[in-house]
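Since every read-out is calculated from the coordinates, none of them should be taken as a lab result. Just so it is clear, the model here is predicted, and its values are computed rather than measured. Ideal geometry is used to build each Cβ from the backbone, glycine not excepted, and the neighbour counts take in all protein chains shown.
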Amino acid sequence: MKICVIGAGHVGLVTSACFAQLGHSVINVDNDKIRIRNLMKGSMPFFEPGLERLVKENRKNGRLGFSASVVDGVKKCGLIFICVGTPPREDGEADLSSVEKVVRKIARSLSGYKTIVEKSTVPVNTWKWIKHTVGLYSGQGADFDVAVNPEFLREGSAVRDFLKPDRIVIGVENERARKIILEAYRKIKCPKIITNLPTAEMIKHASNSFLATKISYINSVANLCEKVGADVQSVAQGMGYDPRIGKAFLSAGAGYGGFCFPKDLAAFIYIAEKNGYDFAILKAVQKVNEEQKRAVARKVKEALWVLKDKVIGVLGLSFKPDTDDMRLAPSIDIIKALQSDGARIKAFDPAAMANAKKLLRGVRFCKNAYSAAEGCDCVLVLTEWDEFRDLDLGKLKRLMKIPVIIDGRNIFKPEQMKKLGFVYKGIGR
Ligand code: UGA
């Protein structure tokens, strides 16, 4: 099939490379000419495990092309995926101006039948606006269908999530669009949920919000565990064996971040309010998450009393491991809180330092975890990168001024840390 993917961000580029890998002929379009030029030269705009290899392979075999022109992509392809950003406005409402702009361009480029698929995460009933706008700008009699196909990929495992998904959700209005989209995913074996368009849109927002709820729930349990002498990791394990609860997404920590959960929750709350429903549970989820970041900063203070001129070595800056993404990473708020109390921050992250430098002021960025820990009054773990689990803790201790570790992601074992002579505090145990 000939597929045009509009947007070369995380979702768009992964979707393009993976559809090419499935044997389709793909044009990935983005209005950022520099990004497109770099991609043509083989330079990736962000770090995502396995993606660079797929892009190179499919560039070589001719199945993956890049372009800065929507007209070019739409003219050549029958199936069009919209994967542009939907960032949050101040009040939480999703900013759909990029989607609208792209839709107008698609409308103007229509020639013959097209299936236009909304893949960006959008508020429910955005499909109606897409259909309306394509109709408005393409002139009478344009032949097209609008469909919804939300993406569930996670940064850091995006390629795997695309090629081996738990499910594929497809919202369509008719048989023609259903057949075409199913054909695009024919080689992927997994449950395929075919439904109407608003339901497909709701599935995406409801899924992300539920996952964020799980995290805030276990963080709340962790806070209580600390007060009563229980261990949240064992509590989560004990809960997780119940298949109705499940083991995943029950890791207590420094709170969720990234460009999906915070923004999708805000958008879901906003759309609920607009429809006259107060989504109180999600407002509590947001509140718990904000408080969780403050609680981690408070732990450092509780260990060191006065923070002025204390040196804190932060291990991990990205919002989660295996990504260089710093967007809404809990590390940003936590570091700022420590700095406002006068602490001096040294930091190391295996992948996110270039992005972190653009967002964090007054931080000394170090070449590895050991140099970040050197001379510190406290080491604070904020992202659970595997390489931190494998650190030589004896060496780390010798390098620190005093051996205090606040483990914001529970990567170490409390008994072992005590044995090694650390003053150690995790989350919820
Ligand atoms: C999330 C969803 O997991 C994807 O299914 C979805 O497609 C994506 O958003 C999206 O809407 O595009 P992502 O933001 O890449 O994916 O990251 P997650 O792995 O879900 O982690 C989000 C945050 O939750 C991270 O900050 C992570 O540290 C935190 N988290 C996760 C916890 O604190 N505890 C957990 O148990 C799990």
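Count charges around P191 for me, please; just the other residues with Cβ under 13 Å from its Cβ, Lys/Arg as +1, Asp/Glu as -1. Net charge around P191: +3.
Any idea what diffusion coefficient the range 2-195 gets from Stokes-Einstein, in µm²/s, Kirkwood Rh on alpha carbon pairs, 25 °C, 0.890 mPa s? Walk me through the numbers before you get to the answer.
Values: Rh = 16.7 Å.
Rounded to a whole number, D works out at 147 µm²/s.
Classify the range 23-108 as rounded, prolate or oblate from the Cα gyration tensor: take a ≥ b ≥ c as the square roots of its eigenvalues, call it rounded if a/c is under 1.5, otherwise prolate when a/b beats b/c and oblate if not. Could you put the intermediate results ahead of the total?
Working: a/c = 2.22, a/b = 1.38, b/c = 1.61.
Oblate is the answer for the range 23-108, as a/c is 1.5 or above yet b/c matches or exceeds a/b.
Taking the fewest neighbouring Cβ atoms within 10 Å as the starting point, the ordered list for F422, F279 is F279, F422.
Could you give the size of the charge dipole of the range 230-425 about its Cα centre, using +1 on the Cβ of each K and R and -1 on the Cβ of each D and E, expressed in debye and rounded to the nearest 20? Display every interim value, and only then the final one.
Details: 33 positive and 24 negative charges, 131 e Å.
Dipole about the Cα centre, nearest 20: 640 debye.
Computed extension gain for K192 through N275, at 0.36 nm per residue and net of the alpha carbon distance, reaches 27.0 nm. The range 230-425 gives an Rg/Rh value of 1.00, both radii derived from C-alpha positions and Rh following Kirkwood. Taking every Cα-Cα distance in the range 314-387 and sorting them into 10 Å bins from zero, the calculated P(r) comes out as 22, 61, 17, 0 percent. Within straight-line reach of K367, meaning a Cα separation under 23 Å, sit the following lysines at least 8 residues removed in sequence or on another chain: K310, K320, K336, K346, K357, K358, K395, K397, K401. For R398 and E290, a Förster radius of 35 Å and the Cβ-Cβ distance give a FRET efficiency of 0.45, rounded to the nearest 0.05.
Dividing the Cα radius of gyration of the range 267-357 by 2.2 N^0.38 Å, with N the residue count, gives 1.34. Helical content of the chain, expressed as a calculated mean residue ellipticity at 222 nm, amounts to -14000 deg cm²/dmol (DSSP H runs of 4 or more residues, -39,500 (n - 2.57) each, divided by residue number, nearest 500).
One chain, two ends: E302 and E415. Fully extended at 0.36 nm per residue, the span grows by 38.7 nm beyond their Cα-Cα distance.
Once the Cβ-Cβ distance between R89 and S157 is put in as r, and R0 is 25 Å, what FRET efficiency do you end up with, to the nearest 0.05?
Values: r = 29 Å, r/R0 = 1.18.
The value I calculate is 0.25.
When the chain is described by a simple charge dipole with +1 on each Lys and Arg Cβ and -1 on each Asp and Glu Cβ, the residue from V404, I116, F388 located farthest towards its positive end is F388.
Mind checking which helices in the chain clear 24 Å along their axis (Cα) and have mean Kyte-Doolittle hydropathy of 0.0 or more, DSSP H runs only?
Numbers: long enough: 197-228 (47 Å, 0.24); 280-304 (37 Å, -0.46).
Within the chain the helices that satisfy the rule are 197-228.
Sequence-distant contacts, meaning Cα pairs under 8 Å at least 6 residues apart, place the relative contact order of the chain at 12 percent.
Normalised Debye scattering of the range 92-188 at q = 0.15, 0.21, 0.23 Å⁻¹ gives log10 I(q)/I(0) of -0.67, -1.14, -1.25, counting only Cα atoms as equal scatterers and leaving out solvent. Label positions at D341 and A206, each projected 7 Å from the Cα along the C-beta direction, are separated by 4.2 nm. Using 0.36 nm per residue and subtracting the Cα-Cα separation, the extra length available between N38 and K283 on full extension is 84.1 nm. Overall, the chain carries a charge dipole of about 860 debye about its Cα centre when +1 sits on the Cβ of Lys and Arg and -1 on the Cβ of Asp and Glu, all other atoms neutral.
Less than 5 angstrom separates the built amide H of K346 from those of I312, G313, V314, R364, all sequence-distant by 5 or more or on a different chain. Volume per residue of the convex hull around the Cα atoms, evaluated for the chain, comes out as 148 Å³.
What's the FRET efficiency of K247 with V423 using the Cβ-Cβ distance as r and R₀ = 30 Å, to the nearest 0.05?
Details: r = 30 Å, r/R0 = 1.02.
Result of the calculation: an efficiency of 0.50.
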